[in-house]
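The values are calculated or read from the model by the stated rules, or taken from the named source; none is laboratory data. A quick note: this is a predicted structure, and the numbers were derived from the prediction, not measured. As a convention, Cβ positions derive from the backbone with ideal geometry for all residues, glycine included, and neighbour counts pool all protein chains shown. Heavy atoms of the whole protein, side chains included, go into the accessibility calculation; ligands, DNA and RNA do not. Shrake-Rupley method; radii C 1.70, N 1.55, O 1.52, S 1.80 Å.
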Amino acid sequence: MANNGRPGAMRKAKKGPSGGTGGLGRKALEGKGPTPKAEERPYHKAYKNKQLSERSAAKRGDTRDTRAAGGRGGTNVRGKVAEEVVTGRNSVVEALRAGIPAKALHIAVRIDMDDRVRESLKMAADRGLPVMETHKPELDRMTNEAVHQGLVLQIPPYEYADPTDLAAETIEAWKKGHIRNAPLFVALDGITDPRNLGAIIRSASAFSAHGVVVPERRAVGMTASAWKTSAGAAVRVPVARAGNLNNTLKTFKKMGIFVLGLDGDGDVSLPDIVLAKDPVCIVVGSEGKGLSRLVRENCDQIVSIPIDSAMESLNASMAVGISLYEISRQRSA
């Protein structure tokens, strides 16, 4: 292309140095202040650990296991799990008969009286429980629209013990002679049926065990159904909740407690155990899956119960009851 004899025309086409910013780029050169702490940086591992820790603490403080046969738990608008309630006339009267701890009895305004309602009112009065007349919309809200038949029993959250503190206190009491037998605990691995938990607590009470340990996640908690199945034994045997069952078992071993896992393919048969008179924690898994791999690895010994070959396995609560009986028999011999 011709430049029409003007040299300046070609010079304008060349890219020269850019002009100044007039101070507009000064902010880009300024420092951003001190480096945030690791736990304040969203993509740092410490930040994620802090978030998990806070969530775990919030879960321990604000939530409870509210799943139960004959009972319901709700979630309020802030995301916290509400207190458990037992709904329905049959369930309420059975819960009161079993002596389950209760906070209040709610009865619908202008309820149709029958024998179950009268018995519930009498038992509530005998126990000094507050009886509140409540309108149906409020009962519907409390029960998450469950069929309540105008009768709702409010259950307070269970106060779990700390497994390490419970073990330490029991060991100290044993060493001082305040309790005769060595510490004896039962730990549950993957048990989700509250009736199994209730039956295990009942066996623990019958054979002088000092506590039951349940995991915090993916496991059953102390629900109304567990209370009822325990037949009042839950008042005498403390239940501890472990944030991590494997870590708890490791701590127990460091404290001198032998961890014995129950499994059909055991290292030793139940009658042949030699640790019965020592501090012991029996670990039982679910009937279908048994002990998890990590829990099994953390056991000092795997113990099997001799049964007929035609029977594949025992119910968890039955296996615990048999094991506790054998330990109790050996300790009294």
Calc'd 3J(HN,Hα), the range 251-260, phi into Karplus 6.51 cos²θ - 1.76 cosθ + 1.60 (θ = phi - 60°), Hz, glycine/Pro = x, comes to 5, 4, 5, 5, 7, x, 9, 7, 9, 10
Taking alpha-carbon centroids only, the range 160-178 lies from the range 231-296 a number of Å equal to 16 Å
From most to least accessible, 1.4 Å probe, no ligand or DNA/RNA atoms counted, Glu84, Glu119, Glu169 line up as Glu169, Glu119, Glu84
So, over other residues within a Cβ distance under 9 Å of Ser304, counting Lys, Arg +1 and Asp, Glu -1, the net charge is -3
For the range 240-333, dividing by residue count, accessible area per residue (probe 1.4 Å) in Å² works out to 50 Å²
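Quick check on my link table: of Lys228/Lys277; Lys175/Lys253; Lys253/Lys277; Lys228/Lys250; Lys228/Lys253; Lys254/Lys277, which ones sit more than 21 Å apart, alpha carbon to alpha carbon?
Values: Lys228/Lys277 31 Å; Lys175/Lys253 17 Å; Lys253/Lys277 16 Å; Lys228/Lys250 32 Å; Lys228/Lys253 32 Å; Lys254/Lys277 18 Å.
Pairs exceeding the cut-off: Lys228/Lys277; Lys228/Lys250; Lys228/Lys253.
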Sorting Trp227, Trp174 on solvent-accessible surface, 1.4 Å probe, most exposed first, gives Trp174, Trp227
